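I have placed the structure first, in the form of structure tokens, so that the comments after it can refer back to it.
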Ligand SMILES: Cc1cc2nc3c(=O)[nH]c(=O)nc-3n(C[C@H](O)[C@H](O)[C@H](O)COP(=O)(O)O)c2cc1C
């Protein structure tokens, strides 16, 4: 019922484990599979030029204001973190892909980060040779040095990669004001899908020490609150680009996954919910999506993709209050009674 065709891969669920600490070793891949994930995007490997990014500060995560939230299976949190690339060498990473492919029954998506177009292409070729089913270009990490935009360097990288490999290539873009422009640029440069969106970059400060918390620099920040702008970015891109969209950012429940599909996503990549609420999150999401489909009489998710976008009201047609204009002088201030 949940089967989803995505970039030529038949996924048994639209729920994919997003690149990060839940896809950094082989045992996690089997946990993802056992809990019903449709595919896994592996932790991003950085080019040798960025090998310092293979070492992480500790601690590298903080749940902001966790003490003020309901502990346990939370629906509200902000996950603040500074974790950069896959922690092994590139040789380790190619071997990691090979081992995953030998054991996993679900598609494995490699993920890479570099800057020079030649490095992107060479790494992509290795990912393909190791057997990955697709590759995601992490153009937008909040920890990436320099611009997070899909700029001219990214266009060159995308062209070099699609010119080199035969597996599908996804461009993972950053949230912001011009996601749509970036998605169009990625499509024109040959991306087969866009992943919308990576996390925001933020900072939190400890007022006692008067210093930034944890490692002392900006961090990635996300949480369930991210879903509203993520959905907007997906909806905008769905109207304009012609390649599939993998939504990511803020999905915590099966209901969220359904919403992302209704605004145009083909698949939904999930990470924070797994980190906070456990691997069962995936099984729970699958059950909730199935329950929704049964209740609405939907047999394939493709049939509802983009429904909410199709019924959006253009701003000029929004029904507005059309009575008398408000007359400020009629608003007489009344002092509260004794
Ligand atoms: C601790 C952590 C590490 C991450 N590492 C990567 C990474 O290596 N590569 C990448 O493309 N995205 C990375 N991400 C982003 C996730 O893949 C995902 O797109 C993002 O967290 C939004 O989804 P979520 O709200 O379900 O967590 C990371 C996120 C977190 C929280």
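The values are calculated or read from the model by the stated rules, or taken from the named source; none is laboratory data. All values derive from a computational prediction rather than experimental measurement. Cβ placement follows ideal geometry from the backbone for every residue including glycine, while neighbour counts extend to all protein chains displayed.
Annotations for the structure displayed:
- Of all residues in region 118-127, exactly one satisfies the criterion of being within 16 Å of the ligand (Cβ to nearest atom) and more than 26 Å from residue 37 (Cβ to Cβ), namely 120.
- Inter-residue pairs, beta-carbon under 7 Å, first more than 20 Å from residue 288 (Cβ to Cβ) and without any contact (Cβ under 8 Å) to a residue 40 or more places away in the chain and in region 14-30, second part of a loop (DSSP other than H, G, I, E, B) and within 13 Å of the ligand (Cβ to nearest atom), 6+ apart: 23/42; 23/43
- Those strands (runs of 3 or more DSSP E) lying entirely in region 1-117 with at least 2 residues more than 10 Å from the ligand (Cβ to nearest atom): 4-6, 9-11, 39-41, 61-64, 108-113
- Residue count for region 234-249, restricted to those that are surrounded by fewer than 24 Cβ atoms within 10 Å (Cβ to Cβ) and within 15 Å of the ligand (Cβ to nearest atom): 0
- Region 257-275, residues that are within 16 Å of the chain's Cα centre (by Cα), more than 9 Å from the ligand (Cβ to nearest atom) and in a helix (DSSP H, G or I): 257, 258, 259, 260, 261
- The set of residues from region 182-209 being under 26 Å from residue 64 (Cα atoms) and either more than 16 Å from the ligand (Cβ to nearest atom) or surrounded by fewer than 20 Cβ atoms within 10 Å (Cβ to Cβ) (or both) comprises 200, 201, 202, 203, 204, 205, 206, 207, 208, 209.
- Matching residues, region 203-225, being under 17 Å from residue 141 (Cα atoms) and free of Cβ contacts under 8 Å to residues at least 40 places away in the same chain: 203
- Annotation for region 160-172: no member residue is crowded, with 20+ Cβ neighbours inside 10 Å, at pLDDT 95 or above, within 15 Å of the ligand (Cβ to nearest atom) and in a loop (DSSP other than H, G, I, E, B).
- Residue 229 meets each of the listed conditions (1) under 25 Å from residue 145 (Cα atoms); (2) part of a loop (DSSP other than H, G, I, E, B); (3) within 15 Å of the ligand (Cβ to nearest atom) apart from (2).
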